[in-house]
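> Before we start, here is the structure in question, set down as structure tokens.
The values are calculated or read from the model by the stated rules, or taken from the named source; none is laboratory data. Just so it is clear, the model here is predicted, and its values are computed rather than measured. Positions of Cβ are backbone-derived with ideal geometry, glycine not excepted, and every protein chain shown enters the neighbour counts. Heads up: the accessible areas ignore ligands, DNA and RNA and are worked out on the full protein's heavy atoms, side chains in. Shrake-Rupley method; radii C 1.70, N 1.55, O 1.52, S 1.80 Å.
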Amino acid sequence: MKYNLIDRNLFINNRKNFASAMKPSSLAVFNSNDIYPVSADSTLPFAQHRDIFYLSGVDQEESILVLFPDCPKAKHREILFLKETNEHIAVWEGEKLTKEKAFETSGVKTVYWLQDMEKVMFELMTQCDTVYINTNEHYRANVETQTREDRFTKWLTHKYPAHSVAKSNPILQRLRSVKDQIELDLMQHACNITEKGFKRVLNFVKPDVWEYNIEAEFMHEFLNNRSKGFAYTPIIASGNNANVLHYIENNQQCKAGDLILMDVGAEYANYSSDMSRTIPVSGRFSERQKQVYNAVNRVKNEATKLLVPGAFWEEYHVEVGKLMTSELLGLGLLDKADVQNENPDWPAYKKYFMHGTSHHIGLDTHDYGLLHEPMQANMVFTVEPGIYIPDEGFGIRLEDDVVIQNSGEPFNLMRNIPIEAEEIEDIMNA
Ligand SMILES: [Mn+2]
């Protein structure tokens with residue numbers, strides 16, 4: 001791991017919170033992700049499942065966490081099963097968690113090697129009535145492979161068919177959506193790394209650079225700051241590429257006079273940051289580009305103020321739609337008749353702004369959070385309005401990550417990343 005050791009009190013508290021939401025006489029199981037194959041002996045870089053990470057800090061393959069809060073044996077109330085390691089194995093396979101290091105990382109005192117799992121699980125299962133399994137119920141999930149968690153669930157429920165089954169996911173969605181201060185500090189750190197990348201890019205961009213040159217500048221800064229890299233596939237979209245919402249080719253040349261939309265964020269310690277900025281290739285916005293830019297920026301500022309405890313995600317989006325409609329009228333992109341005759345299910349503004357304004361962010365870029373429940377302090381959301389105008393050859397999106405506060409406006413984790421049009425121009429021309 002490139003990141004510095006995380007205060008294990010985070011994981012200790014997370015387990016305590018999860019345990020207090022469990023039914024009596026139940027246990028819960030969480031698995032690492034697989035290492036995914038490419039072909040031959042090639043693999044993709046390991047990416048830990050965020051749930052076992054959230055509850056233990058264990059960032060290693062083939063790990064299992066078991067929580068059994070009212071287990072008659074006190075030492076079995078929290079257990080980690082890990083891949084065996086020792087000095088000899090470490091020479092071949094690299095450094096893995098020892099039992100001591102696993103405790104230091106997670107605060108879990110009982111650590112067994114994986115080969116003892118079936119035997120220990122048998123004892124635990126005879127002592128409980130319900131088993132919590134971890135299914136993926138994220139509103140944007142779209143998974144075709146069988147995960148290690150899925151395989152384990154299949155094995156467990158087949159071997160122990162008389163147990164009741166309960167769902168971990170709703171508990172995790174609630175817990176993970178409200179961030180601990182330790183998490184907010186890690187997310188601030190991720191945003192600060194993104195800021196360094198963006199400032200580097202502002203001093204780098206000039207006509208005729210290629211989109212991938214810009215991607216490389218970000219990566220340089222991220223890796224030098226203990227980030228693994230991008231929190232999600234970056235979008236570096238010049239000119240009309242910005243109007244392809246999921247443009248990730250990043251293989252075109254940036255032409256003088258065009259804008260570049262960049263939707264880029266560093267990860268740090270598995271936490272995401274998610275930023276969008278739109279800058280002029282030549283260092284100066286045209287009059288029209290600046291007019292649209294300032295409209296997007298105003299919508300972003302006003303939308304941010306609506307993120308307060310008690311607000312509902314769906315109603316918030318309706319309000320942002322009204323802000324955007326009024327700006328589009330001001331820009332002459334919509335007229336009054338367009339708005340009067342609009343389809344309430346697909347309002348007129350959606351012609352120029354067709355995606356959502358905000359999503360939870362945290363260990364996942366599109367993080368957990370139950371969208372029909374009211375917003376709470378310490379939830380972290382993106383705010384990312386955009387206006388896309390293929391006919392004029394540009395699209396603009398601006399995005400910050402903000403923390404909902406108990407009172408007042410949200411706290412902006414990206415408050416130090418330049419966003420005002422004049423500020424961007426000043427830096428690019430310095
Ligand atoms: Mn986003």
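> State whether one or more residues within the stretch 327-347 are open to solvent by less than 10 Å² (accessible area, probe 1.4 Å), in contact (Cβ under 8 Å) with a residue 24 or more places away in the chain and more than 16 Å from the ligand (Cβ to nearest atom).
Yes: one or more hits.
> Which one is nearest to the chain's Cα centre (by Cα) among residues in the stretch 143-167 that are closer than 20 Å to LYS23 by Cβ and open to solvent by 90 Å² or more (accessible area, probe 1.4 Å)?
LYS167
> Another question about this same structure. Mind checking which residues of the stretch 243-293 are among the hydroxyl-bearing types (Ser, Thr, Tyr), touching a residue at least 60 places away in the same chain (Cβ under 8 Å) and within 16 Å of the ligand (Cβ to nearest atom)?
TYR271, SER272, SER273, SER276, THR278
> Looking only at the stretch 18-39, how many residues end up being exposed (fewer than 15 other Cβ atoms within 10 Å of the Cβ) and under 21 Å from the mean Cα position of the chain (by Cα)?
Final tally of qualifying residues: 2.
> Is it the case, given these coordinates, that ASP400 is crowded, with 24+ Cβ neighbours inside 10 Å and within 12 Å of the ligand (Cβ to nearest atom)?
Taking the combined requirement at face value, the residue satisfies it.
> Go through the stretch 1-93 and tell me which helices (runs of 4 or more DSSP H), entirely inside it, have 2 or more residues that are of a type in the set (D, E, K, R), more than 21 Å from ALA166 (Cβ to Cβ) and modelled with pLDDT under 95.
The qualifying helices (runs of 4 or more DSSP H) are 87-93.
Residues checked against (1) over 30 Å from GLU422 (Cα atoms); (2) in contact with a Leu (Cβ under 9 Å, 6 or more places away or on another chain); (3) assigned by TED's automatic domain parsing to the domain that holds GLU373:
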position: PHE152; (1), (2), (3): yes, no, no
position: LEU156; (1), (2), (3): yes, no, no
position: ALA166; (1), (2), (3): yes, no, no
position: MET187; (1), (2), (3): no, yes, yes
position: ASN192; (1), (2), (3): no, yes, yes
position: LYS196; (1), (2), (3): no, no, yes
position: ASP208; (1), (2), (3): no, no, yes
position: PHE218; (1), (2), (3): no, no, yes
position: ALA231; (1), (2), (3): no, no, yes
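> Being open to solvent by less than 10 Å² (accessible area, probe 1.4 Å), part of a helix (DSSP H, G or I) and within 15 Å of the ligand (Cβ to nearest atom) narrows it down to one of VAL320, VAL380, so name that one.
Among VAL320, VAL380, only VAL320 is open to solvent by less than 10 Å² (accessible area, probe 1.4 Å), part of a helix (DSSP H, G or I) and within 15 Å of the ligand (Cβ to nearest atom).
> Residues to consider are THR365, THR357; find the one that is in contact with a His (Cβ under 7 Å, 6 or more places away or on another chain) and surrounded by 14 or more Cβ atoms within 10 Å (Cβ to Cβ).
THR357
> Shifting gears a bit: Quick one: how many residues across the stretch 195-224 are farther than 23 Å from PRO280 by Cβ, surrounded by fewer than 17 Cβ atoms within 10 Å (Cβ to Cβ) and in contact with a helix residue (DSSP H, G or I) (Cβ under 7 Å, 6 or more places away or on another chain)?
0
> Across the stretch 351-362, what is the total count of residues that are outside any loop (DSSP other than H, G, I, E, B) and away from the ligand (no atom under 14 Å from the Cβ)?
The qualifying residues number 1.
> Name, by its number, the condition in (1) within 23 Å of HIS360 (Cβ to Cβ); (2) open to solvent by 10 Å² or more (accessible area, probe 1.4 Å); (3) touching a helix residue (DSSP H, G or I) at 6+ places or on another chain (Cβ under 7 Å); (4) away from the ligand (no atom under 16 Å from the Cβ) that does not hold for ASN192.
Just one mismatch for ASN192, condition (3).
> Give the residue, chosen from PHE152, PHE122, that is aromatic (Phe, Trp, Tyr), farther than 30 Å from HIS366 by Cα and in a helix (DSSP H, G or I).
PHE122
> Give the residues of the stretch 225-255 that are of a type in the set (Phe, Trp, Tyr) and either open to solvent by 30 Å² or more (accessible area, probe 1.4 Å) or within 17 Å of PRO207 (Cβ to Cβ) (or both), sorted by residue number.
Correct list: PHE230, TYR232.
> Further, regarding this structure: Inspect the stretch 183-194 for any residue being part of a helix (DSSP H, G or I), closer than 19 Å to ASN13 by Cβ and free of Cβ contacts under 8 Å to residues at least 40 places away in the same chain and give the result as yes or no.
Taking every residue of the stretch 183-194 in turn, at least one turns out to be part of a helix (DSSP H, G or I), closer than 19 Å to ASN13 by Cβ and free of Cβ contacts under 8 Å to residues at least 40 places away in the same chain.
> Sticking with this one: Read through the list (1) away from the ligand (no atom under 16 Å from the Cβ); (2) touching a residue at least 24 places away in the same chain (Cβ under 8 Å), then give the number of the only condition that THR365 fails.
Tallying (1) away from the ligand (no atom under 16 Å from the Cβ); (2) touching a residue at least 24 places away in the same chain (Cβ under 8 Å), THR365 fails exactly one: (1).
> How many residues are over 14 Å from GLY393 (Cα atoms) and among the aromatic types (Phe, Trp, Tyr) when one looks only at the stretch 277-292?
0
> Mind checking which pairs have a first residue in the stretch 405-430 that is at pLDDT 95 or above and assigned to a loop (DSSP other than H, G, I, E, B) and a second that is surrounded by fewer than 19 Cβ atoms within 10 Å (Cβ to Cβ) and among the small types (Gly, Ala, Ser), Cβ under 8 Å, 6 or more apart or different chains?
Going by the 8 Å Cβ cut-off, the qualifying pairs are GLN405/ALA377; ASN406/ALA377; ASN429/GLY283.
> Within the stretch 258-299, restricting attention to residues that are among the acidic types (Asp, Glu) and open to solvent by 10 Å² or more (accessible area, probe 1.4 Å), which residue is nearest to TRP210 (Cα to Cα)?
The extreme case among them is ASP258.
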